Amino acid sequence: MLAGGSPIGLYLHIPFCHTRCVYCDFNTYIDLDHLKARYVAALARELQLVGTAAGCPDAATIFFGGGTPTALEPAHLGALIEACRVAFRVAPGAEITVEANPGTVTTDYLRALRAAGVNRLSFGVQSFHDDELRFLGRLHDAATAQEAVRMARAAGFDNLSLDLIFGLPGQPTERWVATLEEALALAPEHLSLYSLIVEPGTPLHAWVRRGRVAAPDDDVAAEMYEHALERLARAGYAHYEISNWARVQGEPEGTTPGLASQHNLIYWRNQPYWGVGAGAHSYVNGWRYANVRRPERYITLVESWEPDAALPVAPAQDVKTVERIDRDLAMGEQMMLGLRLVREGVGEAAFAARFGCSLDEAYGPTLAEFESWALIERTPERVRLTARGVMLANQVVARFL
Ligand code: SF4
């Protein structure tokens, strides 16, 4: 563990994709396949350097994100899991997630991942309509996504998450309803639902600016989200984070379900994480920083790093991004992130233990105001969003920063 005693999450960034989706602004590249082997070796070295320097701390989760982690061979992903286990004390039974692109996997591939220790897959499905998938620039069609889920089950995975996108330009609500029904028919353990965001610098942004496609309609997106809230509750899924649902397994009402993403819970609980790879973010011992974004530069920096007792071990750190998270900022972020957890919210005791003051001492007037507007609800144990607050979450959480 690090200072503060929290277990950490390990994030490994895999910046390779086969094609570029029109809405994507992630740090990923379609023309760098020749770098894969060197990149994997650099990731293993970065893990070894930071883990050793930190005294081989406890790690609660491992998460491969991207990009497309399944653009790597299973042997590469297996070697990286092993590198995590050497450099960190990875908890027995730790959640090990790989983001998977449905168009890139076979049953044999998934069996190899399972054998390497991966125990959770997060499939980027996005839609079960082929024309929507083509519009988004995705590699797969609906049948491929359904087949990928079947292959994952056959390979022994019992913890699957599906990502879906709603609020596409001109998308009628019935089409979103149909996508959600197709997803439920596959009985995933977890669902992440995101409204389409038009990010600057993407082809989608240019299309909207030129009037080639309509901008997503916020009111329609809100209607789709409300449908998901109602439908997924009826289907036995607990809404535990603004955009995330997990199947209930008998947990008490109001608690975060056991099938929630354990890795992402570390972010939402404002606990420390180590990110390795190009552009990956870390938050350790009160400091936050990102690595350099370009994979070539990242590899060069890690390969050429000479340990020096006078320097902190962060071989690929982008110094412009280094930020000290002081107590006030950490408190605000605890509220901003914790309120996203719509069931557990922000715990009074955990807040006091971490910051040495009560929620009222820190935010009394703001909390009273939100409570009077029925945007939050309070018990002696916690504060959390109401159903109304969930619909206005962005405005509520912004007040704490
Ligand atoms: S697969 Fe994911 S990371 Fe790759 S381009 Fe598409 S949205 Fe971006």
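The values are calculated or read from the model by the stated rules, or taken from the named source; none is laboratory data. Given the structure is predicted, the values throughout are model-derived calculations rather than measurements. Using ideal geometry, Cβ is built from the backbone for each residue, glycine included, and neighbour counts are taken over all protein chains shown. Heads up: the accessible areas ignore ligands, DNA and RNA and are worked out on the full protein's heavy atoms, side chains in. Shrake-Rupley method; radii C 1.70, N 1.55, O 1.52, S 1.80 Å.
Within region 71-93, restricting attention to residues that are touching a helix residue (DSSP H, G or I) at 6+ places or on another chain (Cβ under 9 Å) and open to solvent by less than 10 Å² (accessible area, probe 1.4 Å), the residue that is nearest to residue 157 (Cα to Cα) is 77. Could you check, for region 17-34, whether at least one of its residues is buried (at least 21 other Cβ atoms within 10 Å of the Cβ) and away from the ligand (no atom under 16 Å from the Cβ)? Among the residues of region 17-34, not one is buried (at least 21 other Cβ atoms within 10 Å of the Cβ) and away from the ligand (no atom under 16 Å from the Cβ), which makes the answer no.
Which ranges mark the helices (runs of 4 or more DSSP H) fully within region 157-269 that have 1 or more residues being open to solvent by less than 30 Å² (accessible area, probe 1.4 Å) and under 22 Å from residue 343 (Cβ atoms)? Spell out how you get there, then give the answer.
Values: elements: 173-185, 203-209, 218-234, 262-268.
Filter on region 157-269 gives 173-185, 218-234, 262-268.
The set of residues in region 102-126 being within 19 Å of residue 15 (Cβ to Cβ) and open to solvent by 20 Å² or more (accessible area, probe 1.4 Å) consists of 103, 104. Scanning region 135-144 for residues that are open to solvent by less than 20 Å² (accessible area, probe 1.4 Å) and either free of Cβ contacts under 8 Å to residues at least 40 places away in the same chain or assigned to a strand (DSSP E or B) (or both) returns a single hit, 140.
Kindly indicate whether residue 209 is assigned by TED's automatic domain parsing to the domain that holds residue 239 and over 26 Å from residue 123 (Cβ atoms). Judged against the criteria, residue 209 is a match.
Filtering 344, 348 for residues that are in contact (Cβ under 8 Å) with a residue 60 or more places away in the chain, closer than 21 Å to residue 256 by Cα and within 27 Å of the chain's Cα centre (by Cα) leaves a single hit, 344.
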